[in-house]
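Worksheet: the structure to be examined is printed underneath.
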Amino acid sequence: NQPSDIQLAVANVLLRSQQNLSTNLLLSKWNMFNPKVHDVVEAGFLARIDRLKSLVKAIESDKVKPAWISRNTQNRLLKYPDTVISEEAKILFKGLGGEDREKIVRDYNVSTTMSGDPAKGKVLFKSVCSVCHRLEGVGVNFAPDLHALSNQTKINLLTMILDPNNTISAGYEGYTIETTDGGTFAGIIQSENASSLILKSPGGVQTISKNNIKSMSPMPVSIMPEGVEASINKDDMANLLGYLKTLK
């Protein structure tokens, strides 16, 4: 229930400590960190092999749920240079989604070699993407601004669309919050103060009292769902990529 700056300062002090007690304290509070603290703590654990092994052990013993680990950190653990850790990560994070995404991206690569029709892509954006994204006065201002991504290559854009869990944009990590009265809320933490936080979702915003929070943990997957290929064929994808590349 302390302000974010105080929580962050305490987390940094604990991360600088070499004592096991500090590590255990951080592990015991894993599902209560706000986004800023969570990012700092995960980075701190990744920076020290002894702490990283403690985290893996805590996940194995179910003291820390696999779903409480951010997707970006999951990806780093799956590719960790120490094969003992990377192989264990494959077991711990199995079933959290995304196993077949690379194959689907490869299958759709042909869309990046086609010119596409931006006008048709704009129509497709309105019907498929505007529920979360907003462009040229159309859609909901919830997900990242796509104007900032127009300089990306088509293959990078394709990967973002078909494999949204590959890399989650900073500031758009989803959180699940359980409240003491039995409620469950999911969205992006937009802001917070000493007494409450504001959770943003495509449907609007929700103000939640910190005194009413039972647990708060990052979603193991992106808020952007997988499976968009079910409604977008390869020609459609070429048109959508063509439209996104016209943005300024």
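The values are calculated or read from the model by the stated rules, or taken from the named source; none is laboratory data. Predicted model, so just to flag it, every value in this text is computed and none were measured. For neighbour counting, all protein chains shown are included, and Cβ atoms are generated from backbone atoms with ideal geometry for every residue, glycine included. For the accessible areas, the whole protein counts, side chains as well, though only heavy atoms, and no ligand, DNA or RNA atoms are used. Shrake-Rupley method; radii C 1.70, N 1.55, O 1.52, S 1.80 Å.
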Original post:
Residue check: is residue 194 over 28 Å from residue 104 (Cα atoms), in contact (Cβ under 8 Å) with a residue 24 or more places away in the chain and of a type in the set (Gly, Ala, Ser)?
Top reply: yes
**OP:** Residues being within 20 Å of residue 243 (Cα to Cα) and touching a helix residue (DSSP H, G or I) at 6+ places or on another chain (Cβ under 8 Å): count how many of those fall in segment 157-182.
**Re:** 7
Original post:
Of all the residues that make up segment 230-242, how many are surrounded by fewer than 17 Cβ atoms within 10 Å (Cβ to Cβ) and either free of Cβ contacts under 8 Å to residues at least 12 places away in the same chain or outside any loop (DSSP other than H, G, I, E, B) (or both)?
Top reply: 4
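In the set 198, 155, 168, 189, which member is part of a loop (DSSP other than H, G, I, E, B) and aliphatic (A, V, I, L, M)?
Selected residue: 168, the only one of 198, 155, 168, 189 that is part of a loop (DSSP other than H, G, I, E, B) and aliphatic (A, V, I, L, M).
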Original post:
Does residue 142 satisfy the condition of being open to solvent by less than 60 Å² (accessible area, probe 1.4 Å) and assigned to a helix (DSSP H, G or I)?
Top reply: no
**OP:** Mind listing just one residue for me: the one in segment 201-215 that is open to solvent by 60 Å² or more (accessible area, probe 1.4 Å) and part of a strand (DSSP E or B) and, of those, nearest to residue 139 (Cα to Cα)?
**Re:** 205
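Do you know which residues across segment 53-76 are assigned to a helix (DSSP H, G or I) and within 19 Å of residue 164 (Cβ to Cβ)? Quick ask: steps written out before the conclusion?
Going residue by residue through segment 53-76, those that are assigned to a helix (DSSP H, G or I) are 53-60, 66-68, 71-76.
Across segment 53-76, the qualifying residues are 66, 67, 71, 72, 73, 74, 75, 76.
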Original post:
Do we have residue 245 as farther than 14 Å from residue 160 by Cβ, charged (D, E, K, R) and either open to solvent by 40 Å² or more (accessible area, probe 1.4 Å) or in contact with a strand residue (DSSP E or B) (Cβ under 9 Å, 6 or more places away or on another chain) (or both) here?
Top reply: no
Original post:
Hey, among the residues in segment 62-81 that are surrounded by fewer than 20 Cβ atoms within 10 Å (Cβ to Cβ) and aliphatic (A, V, I, L, M), which one's farthest from residue 219 (Cα to Cα)?
Top reply: 78
**OP:** State which residue pairs qualify: first residue touching a residue at least 24 places away in the same chain (Cβ under 8 Å) and inside segment 81-94, second residue of a type in the set (Ser, Thr, Tyr) and surrounded by 14 or more Cβ atoms within 10 Å (Cβ to Cβ) in any location, beta carbons under 7 Å apart, and separation of 6 or more residues or different chains.
**Re:** 89/80
